[in-house]
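Have a look at the structure below, then the notes.
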(Lines give C-alpha, C1' and ligand atoms only; values in the text may rest on other atoms or scores of the structure.)
Protein backbone atom coordinates (compact mmCIF):
# COMPACT_ATOMS: atom_id res chain seq x y z
CA UNK A 1 0.00 0.00 0.00
CA UNK A 2 1.27 3.49 -0.83
CA UNK A 3 0.47 5.85 2.04
CA UNK A 4 0.87 9.63 1.96
CA UNK A 5 1.28 11.49 5.27
CA UNK A 6 0.24 15.18 5.05
CA UNK A 7 0.87 17.63 7.91
CA UNK A 8 1.32 21.38 8.29
CA UNK A 9 5.02 21.09 9.28
CA UNK A 10 7.86 18.69 8.75
CA UNK A 11 8.51 19.22 12.47
CA UNK A 12 5.19 17.56 13.28
CA UNK A 13 5.82 14.56 11.03
CA UNK A 14 9.32 14.06 12.41
CA UNK A 15 8.46 14.46 16.09
CA UNK A 16 5.08 12.74 16.21
CA UNK A 17 4.69 10.38 13.22
CA UNK A 18 8.13 9.10 12.29
CA UNK A 19 7.82 5.95 14.47
CA UNK A 20 4.49 5.11 12.80
CA UNK A 21 6.03 5.64 9.36
CA UNK A 22 8.90 3.30 10.24
CA UNK A 23 6.49 0.67 11.50
CA UNK A 24 4.47 0.85 8.27
CA UNK A 25 7.64 0.60 6.20
CA UNK A 26 8.68 -2.47 8.17
CA UNK A 27 5.26 -3.97 7.37
CA UNK A 28 6.01 -3.58 3.64
CA UNK A 29 4.16 -0.33 2.91
CA UNK A 30 5.54 2.74 1.12
CA UNK A 31 5.22 6.00 3.07
CA UNK A 32 5.69 9.44 1.47
CA UNK A 33 5.83 12.61 3.61
CA UNK A 34 4.08 15.81 2.45
CA UNK A 35 4.53 19.12 4.29
CA UNK A 36 5.74 22.69 3.82
CA UNK A 37 9.55 22.97 3.69
CA UNK A 38 11.31 23.33 7.04
CA UNK A 39 14.56 22.01 8.59
CA UNK A 40 12.89 18.76 9.67
CA UNK A 41 12.23 17.69 6.08
CA UNK A 42 15.91 16.82 5.77
CA UNK A 43 15.63 14.74 8.97
CA UNK A 44 12.79 12.78 7.38
CA UNK A 45 14.91 12.23 4.29
CA UNK A 46 17.82 11.07 6.46
CA UNK A 47 15.44 8.53 8.00
CA UNK A 48 14.96 7.10 4.51
CA UNK A 49 11.61 8.61 3.52
CA UNK A 50 10.79 10.42 0.32
CA UNK A 51 9.41 13.89 0.94
CA UNK A 52 7.28 16.26 -1.10
CA UNK A 53 6.98 19.92 -0.14
CA UNK A 54 4.48 22.63 -0.96
CA UNK A 55 4.08 26.30 0.02
CA UNK A 56 1.64 26.48 2.93
CA UNK A 57 1.12 29.14 5.59
CA UNK A 58 -0.70 27.89 8.65
CA UNK A 59 -2.33 31.25 9.50
CA UNK A 60 -3.12 32.42 5.98
CA UNK A 61 -6.70 33.42 5.14
CA UNK A 62 -5.78 35.02 1.82
CA UNK A 63 -8.26 33.53 -0.67
CA UNK A 64 -5.87 33.68 -3.63
CA UNK A 65 -3.08 31.99 -1.67
CA UNK A 66 -5.44 29.36 -0.27
CA UNK A 67 -6.88 28.56 -3.69
CA UNK A 68 -3.35 28.11 -4.99
CA UNK A 69 -2.63 25.78 -2.07
CA UNK A 70 -5.67 23.65 -2.91
CA UNK A 71 -4.44 23.42 -6.49
CA UNK A 72 -0.98 22.34 -5.28
CA UNK A 73 -2.47 19.63 -3.08
CA UNK A 74 -4.63 18.39 -5.93
CA UNK A 75 -1.62 18.28 -8.27
CA UNK A 76 0.46 16.32 -5.75
CA UNK A 77 -2.32 13.83 -5.05
CA UNK A 78 -2.79 13.28 -8.79
CA UNK A 79 0.96 12.78 -9.32
CA UNK A 80 1.55 10.52 -6.31
CA UNK A 81 -1.60 8.40 -6.73
CA UNK A 82 -1.55 7.10 -3.13
CA UNK A 83 -3.75 4.23 -2.01
CA UNK A 84 -4.47 6.13 1.19
CA UNK A 85 -3.77 9.61 2.54
CA UNK A 86 -3.42 10.21 6.27
CA UNK A 87 -4.11 13.87 7.07
CA UNK A 88 -2.74 15.34 10.30
CA UNK A 89 -3.66 18.72 11.85
CA UNK A 90 -6.85 20.64 11.17
CA UNK A 91 -5.98 22.60 8.03
CA UNK A 92 -4.52 19.55 6.32
CA UNK A 93 -7.62 17.53 7.23
CA UNK A 94 -9.97 20.12 5.73
CA UNK A 95 -7.97 20.90 2.59
CA UNK A 96 -6.72 17.38 2.01
CA UNK A 97 -10.13 15.76 2.38
CA UNK A 98 -11.71 18.43 0.17
CA UNK A 99 -9.24 17.68 -2.63
CA UNK A 100 -9.10 13.90 -2.21
CA UNK A 101 -12.57 13.17 -3.59
CA UNK A 102 -12.24 14.85 -7.02
CA UNK A 103 -8.65 13.60 -7.34
CA UNK A 104 -9.74 9.99 -6.95
CA UNK A 105 -7.83 9.16 -3.76
CA UNK A 106 -9.30 5.78 -2.73
CA UNK A 107 -9.23 6.34 1.04
CA UNK A 108 -8.55 9.05 3.63
CA UNK A 109 -7.76 8.87 7.31
CA UNK A 110 -8.20 12.20 9.07
CA UNK A 111 -6.47 12.69 12.42
CA UNK A 112 -7.58 15.54 14.65
CA UNK A 113 -5.48 15.18 17.78
CA UNK A 114 -7.26 17.76 19.92
CA UNK A 115 -9.60 20.53 18.86
CA UNK A 116 -6.86 23.13 19.22
CA UNK A 117 -6.77 26.92 18.95
CA UNK A 118 -9.71 27.28 16.56
CA UNK A 119 -12.00 25.58 19.08
CA UNK A 120 -10.49 26.87 22.35
CA UNK A 121 -9.74 30.55 21.67
CA UNK A 122 -12.21 33.17 22.92
CA UNK A 123 -11.08 35.84 20.42
CA UNK A 124 -13.93 37.19 18.28
CA UNK A 125 -12.10 36.57 15.01
CA UNK A 126 -11.45 32.95 15.98
CA UNK A 127 -15.04 32.40 17.11
CA UNK A 128 -16.23 33.64 13.72
CA UNK A 129 -13.78 31.33 11.96
CA UNK A 130 -14.99 28.42 14.09
CA UNK A 131 -18.38 28.37 12.38
CA UNK A 132 -16.80 28.16 8.94
CA UNK A 133 -14.49 25.37 10.08
CA UNK A 134 -17.43 23.37 11.45
CA UNK A 135 -19.24 23.74 8.13
CA UNK A 136 -16.20 22.61 6.17
CA UNK A 137 -15.62 19.65 8.47
CA UNK A 138 -19.21 18.53 8.04
CA UNK A 139 -18.77 18.83 4.27
CA UNK A 140 -15.48 16.97 3.89
CA UNK A 141 -15.49 14.33 6.62
CA UNK A 142 -18.63 12.44 5.78
CA UNK A 143 -17.50 9.96 3.18
CA UNK A 144 -17.68 6.18 3.09
CA UNK A 145 -14.04 6.21 2.01
CA UNK A 146 -12.79 8.05 5.09
CA UNK A 147 -12.33 7.59 8.81
CA UNK A 148 -11.75 10.17 11.52
CA UNK A 149 -9.28 9.32 14.28
CA UNK A 150 -9.63 11.19 17.58
CA UNK A 151 -7.52 10.72 20.68
CA UNK A 152 -9.95 11.09 23.57
CA UNK A 153 -13.63 10.36 24.30
CA UNK A 154 -14.44 14.06 24.81
CA UNK A 155 -13.45 14.91 21.25
CA UNK A 156 -15.30 11.83 19.99
CA UNK A 157 -18.46 13.02 21.76
CA UNK A 158 -18.00 16.55 20.41
CA UNK A 159 -17.92 15.31 16.82
CA UNK A 160 -20.89 13.01 17.34
CA UNK A 161 -23.10 15.46 19.24
CA UNK A 162 -22.55 18.34 16.82
CA UNK A 163 -23.26 16.12 13.83
CA UNK A 164 -19.90 16.86 12.27
CA UNK A 165 -19.47 13.22 11.32
CA UNK A 166 -21.33 9.94 11.31
CA UNK A 167 -20.39 8.13 14.52
CA UNK A 168 -19.82 4.92 12.54
CA UNK A 169 -16.84 6.56 10.82
CA UNK A 170 -15.07 7.75 13.99
CA UNK A 171 -12.28 5.71 15.53
CA UNK A 172 -10.83 6.37 18.98
CA UNK A 173 -7.07 5.75 19.19
CA UNK A 174 -5.77 7.16 22.44
CA UNK A 175 -2.61 9.11 21.57
CA UNK A 176 0.14 8.64 19.01
CA UNK A 177 1.85 6.34 21.50
CA UNK A 178 5.19 6.48 23.27
CA UNK A 179 8.37 4.47 22.87
CA UNK A 180 8.53 2.74 26.25
CA UNK A 181 12.02 1.41 25.55
CA UNK A 182 13.48 4.85 24.87
CA UNK A 183 11.49 6.47 27.68
CA UNK A 184 11.86 4.44 30.84
CA UNK A 185 12.56 5.05 34.52
CA UNK A 186 16.10 5.66 35.70
CA UNK A 187 17.06 4.44 39.16
CA UNK A 188 17.77 7.42 41.41
CA UNK A 189 17.57 8.08 45.14
CA UNK A 190 14.59 9.96 46.51
CA UNK A 191 15.80 13.58 46.54
CA UNK A 192 15.91 15.32 49.88
CA UNK A 193 16.97 18.73 48.60
CA UNK A 194 16.17 20.79 45.53
CA UNK A 195 13.52 19.27 43.23
CA UNK A 196 13.29 19.66 39.47
CA UNK A 197 9.84 20.46 38.08
CA UNK A 198 9.31 20.42 34.31
CA UNK A 199 6.75 21.72 31.84
CA UNK A 200 7.54 20.50 28.32
CA UNK A 201 5.55 22.00 25.43
CA UNK A 202 5.56 24.55 22.68
CA UNK A 203 5.55 28.07 24.12
CA UNK A 204 1.83 28.74 23.73
CA UNK A 205 -0.50 30.48 26.17
CA UNK A 206 -3.01 27.64 25.81
CA UNK A 207 -0.48 25.20 27.27
CA UNK A 208 -0.99 26.95 30.62
CA UNK A 209 2.52 28.37 30.76
CA UNK A 210 1.26 31.63 32.26
CA UNK A 211 -0.31 29.73 35.15
CA UNK A 212 2.86 27.66 35.57
CA UNK A 213 5.00 30.79 35.83
CA UNK A 214 2.57 32.28 38.36
CA UNK A 215 2.79 29.11 40.48
CA UNK A 216 6.58 29.09 40.25
CA UNK A 217 6.73 32.76 41.25
CA UNK A 218 4.60 32.18 44.37
CA UNK A 219 6.38 29.00 45.44
CA UNK A 220 9.86 30.42 44.92
CA UNK A 221 8.92 33.50 46.94
CA UNK A 222 7.75 31.15 49.71
CA UNK A 223 11.22 29.62 49.70
CA UNK A 224 10.44 26.31 48.00
CA UNK A 225 13.73 24.60 47.09
CA UNK A 226 12.83 23.73 43.51
CA UNK A 227 13.80 24.68 39.98
CA UNK A 228 10.97 25.26 37.53
CA UNK A 229 11.97 24.32 33.99
CA UNK A 230 10.24 24.94 30.66
CA UNK A 231 11.41 22.85 27.71
CA UNK A 232 10.10 23.94 24.33
CA UNK A 233 10.46 26.45 21.55
CA UNK A 234 8.22 29.30 20.40
CA UNK A 235 5.73 28.59 17.62
CA UNK A 236 5.44 31.86 15.68
CA UNK A 237 2.93 30.37 13.23
CA UNK A 238 0.42 29.79 16.03
CA UNK A 239 -1.86 32.66 17.14
CA UNK A 240 -1.45 31.54 20.76
CA UNK A 241 2.35 31.83 20.65
CA UNK A 242 3.81 33.69 23.65
CA UNK A 243 5.51 36.92 22.49
CA UNK A 244 9.28 37.27 22.72
CA UNK A 245 9.05 40.26 25.07
CA UNK A 246 7.01 38.21 27.55
CA UNK A 247 9.58 35.40 27.44
CA UNK A 248 12.33 37.97 28.01
CA UNK A 249 10.49 39.31 31.07
CA UNK A 250 10.22 35.82 32.54
CA UNK A 251 13.93 35.30 32.01
CA UNK A 252 14.68 38.56 33.85
CA UNK A 253 12.44 37.56 36.76
CA UNK A 254 14.30 34.26 37.11
CA UNK A 255 11.51 32.19 38.63
CA UNK A 256 11.51 29.76 35.70
CA UNK A 257 14.31 28.54 33.46
CA UNK A 258 13.49 28.52 29.74
CA UNK A 259 15.54 25.74 28.18
CA UNK A 260 14.35 26.17 24.60
CA UNK A 261 14.06 23.13 22.36
CA UNK A 262 15.52 19.98 23.93
CA UNK A 263 16.60 17.11 21.67
CA UNK A 264 17.35 14.57 24.39
CA UNK A 265 14.12 14.42 26.36
CA UNK A 266 14.91 11.07 28.05
CA UNK A 267 18.03 12.64 29.58
CA UNK A 268 16.08 15.68 30.79
CA UNK A 269 13.28 13.55 32.24
CA UNK A 270 15.87 11.44 34.06
CA UNK A 271 16.77 14.59 36.01
CA UNK A 272 13.14 15.58 36.64
CA UNK A 273 11.05 14.89 39.74
CA UNK A 274 7.59 16.18 38.75
CA UNK A 275 6.07 16.76 35.28
CA UNK A 276 3.45 19.49 34.85
CA UNK A 277 1.12 20.44 31.99
CA UNK A 278 -1.69 22.90 32.86
CA UNK A 279 -2.99 22.88 29.27
CA UNK A 280 -6.41 24.17 28.20
CA UNK A 281 -7.19 21.19 25.96
CA UNK A 282 -5.26 18.32 24.35
CA UNK A 283 -5.61 15.22 22.24
CA UNK A 284 -3.45 13.12 24.54
CA UNK A 285 -0.32 15.15 25.37
CA UNK A 286 2.95 13.58 24.29
CA UNK A 287 4.92 15.35 27.02
CA UNK A 288 2.86 13.72 29.77
CA UNK A 289 3.09 10.31 28.09
CA UNK A 290 6.87 10.55 27.93
CA UNK A 291 7.07 11.71 31.54
CA UNK A 292 4.77 8.91 32.67
CA UNK A 293 6.82 6.35 30.74
CA UNK A 294 9.84 7.59 32.69
CA UNK A 295 8.03 6.91 35.94
CA UNK A 296 7.25 10.49 36.99
CA UNK A 297 4.27 11.80 38.96
CA UNK A 298 2.13 14.17 36.89
CA UNK A 299 0.18 17.38 37.46
CA UNK A 300 -2.24 18.49 34.76
CA UNK A 301 -5.50 20.31 34.23
CA UNK A 302 -8.78 18.42 34.39
CA UNK A 303 -9.50 18.85 30.68
CA UNK A 304 -9.97 16.55 27.67
CA UNK A 305 -6.77 14.74 26.82
CA UNK A 306 -4.94 15.37 30.07
CA UNK A 307 -7.36 13.29 32.09
CA UNK A 308 -6.76 10.40 29.70
CA UNK A 309 -3.27 9.98 31.10
CA UNK A 310 -3.65 11.38 34.64
CA UNK A 311 -5.77 9.38 37.09
CA UNK A 312 -6.29 11.83 39.94
CA UNK A 313 -4.73 10.56 43.14
CA UNK A 314 -3.25 7.49 41.43
CA UNK A 315 -0.44 8.63 39.13
CA UNK A 316 -0.85 12.37 39.53
CA UNK A 317 -3.07 15.29 40.40
CA UNK A 318 -5.65 17.10 38.28
CA UNK A 319 -6.33 20.80 38.85
CA UNK A 320 -9.03 23.13 37.51
CA UNK A 321 -8.49 24.94 34.22
CA UNK A 322 -6.68 28.33 34.36
CA UNK A 323 -6.34 28.13 38.15
CA UNK A 324 -2.83 29.12 39.19
CA UNK A 325 -3.63 28.80 42.91
CA UNK A 326 -4.79 25.19 42.56
CA UNK A 327 -1.70 24.46 40.49
CA UNK A 328 0.46 26.01 43.21
CA UNK A 329 -1.21 23.85 45.85
CA UNK A 330 -0.72 20.67 43.78
CA UNK A 331 2.98 21.33 43.23
CA UNK A 332 3.46 22.05 46.93
CA UNK A 333 1.61 18.85 47.85
CA UNK A 334 3.84 16.63 45.72
CA UNK A 335 6.95 18.56 46.73
CA UNK A 336 6.27 17.81 50.40
CA UNK A 337 5.42 14.10 49.98
CA UNK A 338 8.27 11.99 48.58
CA UNK A 339 6.52 8.63 49.11
CA UNK A 340 3.50 9.92 47.16
CA UNK A 341 5.76 11.00 44.31
CA UNK A 342 7.37 7.58 44.20
CA UNK A 343 4.04 5.73 44.34
CA UNK A 344 2.51 7.91 41.63
CA UNK A 345 5.57 7.54 39.42
CA UNK A 346 5.31 3.77 39.53
CA UNK A 347 1.62 4.00 38.64
CA UNK A 348 2.46 6.28 35.69
CA UNK A 349 4.84 3.74 34.20
CA UNK A 350 2.33 0.90 34.64
CA UNK A 351 -0.44 2.91 32.97
CA UNK A 352 1.67 3.76 29.93
CA UNK A 353 2.77 0.16 29.46
CA UNK A 354 -0.82 -1.06 29.62
CA UNK A 355 -2.53 1.64 27.54
CA UNK A 356 -0.16 3.86 25.56
CA UNK A 357 2.77 1.82 24.25
CA UNK A 358 3.33 2.96 20.66
CA UNK A 359 3.12 -0.60 19.33
CA UNK A 360 -0.53 -0.74 20.41
CA UNK A 361 -1.20 2.52 18.57
CA UNK A 362 0.58 1.34 15.41
CA UNK A 363 -1.51 -1.83 15.26
CA UNK A 364 -4.74 0.10 15.82
CA UNK A 365 -3.85 2.60 13.09
CA UNK A 366 -2.96 -0.09 10.56
CA UNK A 367 -6.28 -1.78 11.36
CA UNK A 368 -8.08 1.42 10.31
CA UNK A 369 -6.11 1.47 7.04
CA UNK A 370 -7.03 -2.14 6.32
CA UNK A 371 -10.66 -1.43 7.14
CA UNK A 372 -10.67 1.08 4.28
CA UNK A 373 -8.39 -0.71 1.82
CA UNK A 374 -8.63 -4.38 2.75
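What tally of residues in region 358-368 results from selecting those that are buried (at least 18 other Cβ atoms within 10 Å of the Cβ) and either under 11 Å from residue 20 (Cβ atoms) or in the same structural domain as residue 316 (by TED's automatic domain parsing) (or both)? Before you say what the answer is, go through the steps one by one.
Applying the first criterion (buried (at least 18 other Cβ atoms within 10 Å of the Cβ)) to region 358-368 yields 358, 361-362, 365, 368.
Now narrow it down to the ones that are either under 11 Å from residue 20 (Cβ atoms) or in the same structural domain as residue 316 (by TED's automatic domain parsing) (or both): 358, 361-362, 365.
Matching residues across region 358-368 total 4.
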Filter result (assigned to a loop (DSSP other than H, G, I, E, B), under 27 Å from residue 256 (Cβ atoms) and in contact with a strand residue (DSSP E or B) (Cβ under 8 Å, 6 or more places away or on another chain)) within region 154-199: 194
Residue that is nearest to the chain's Cα centre (by Cα), among those in region 275-299 that are surrounded by fewer than 24 Cβ atoms within 10 Å (Cβ to Cβ) and farther than 18 Å from residue 358 by Cβ: 281
Near pairs, Cβ below 9 angstrom, 6+ apart or cross-chain, from region 205-223 (farther than 20 Å from residue 285 by Cα) to any residue that is surrounded by 24 or more Cβ atoms within 10 Å (Cβ to Cβ) and modelled with pLDDT under 95: none
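Only residues that are in a helix (DSSP H, G or I) and at pLDDT below 95: list them for region 42-78, please.
Narrowing region 42-78 to residues in a helix (DSSP H, G or I): 42-46, 63-78.
63, 64, 65, 66, 67 - these are the residues of region 42-78 that are in a helix (DSSP H, G or I) and at pLDDT below 95.
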Residue in region 240-259 that is in contact (Cβ under 8 Å) with a residue 12 or more places away in the chain, closer than 20 Å to residue 333 by Cα, assigned by TED's automatic domain parsing to the domain that holds residue 343 and surrounded by fewer than 21 Cβ atoms within 10 Å (Cβ to Cβ) present: yes
Every residue from region 31-41 that is assigned to a loop (DSSP other than H, G, I, E, B) and surrounded by 14 or more Cβ atoms within 10 Å (Cβ to Cβ): 36, 37, 38
Selection status of residue 352, in a helix (DSSP H, G or I), touching a residue at least 60 places away in the same chain (Cβ under 8 Å) and surrounded by 24 or more Cβ atoms within 10 Å (Cβ to Cβ): yes
Condition check for residue 316: under 23 Å from the mean Cα position of the chain (by Cα), within 27 Å of residue 205 (Cβ to Cβ), surrounded by 21 or more Cβ atoms within 10 Å (Cβ to Cβ) and modelled with pLDDT under 95: no
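For residue 267, state whether it is touching a strand residue (DSSP E or B) at 6+ places or on another chain (Cβ under 7 Å) and either closer than 18 Å to residue 330 by Cα or assigned by TED's automatic domain parsing to the domain that holds residue 206 (or both). Walk me through it before giving the result.
Working: touching a strand residue (DSSP E or B) at 6+ places or on another chain (Cβ under 7 Å): no; either closer than 18 Å to residue 330 by Cα or assigned by TED's automatic domain parsing to the domain that holds residue 206 (or both): yes.
No: the conditions fail for residue 267.
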Criterion violated by residue 304 - all others in (1) surrounded by fewer than 24 Cβ atoms within 10 Å (Cβ to Cβ); (2) modelled with pLDDT under 95 satisfied: (1)
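The values are calculated or read from the model by the stated rules, or taken from the named source; none is laboratory data. Source: prediction; values computed, not measured. All Cβ positions, glycine included, derive from the backbone under ideal geometry; neighbour counts span all protein chains shown.
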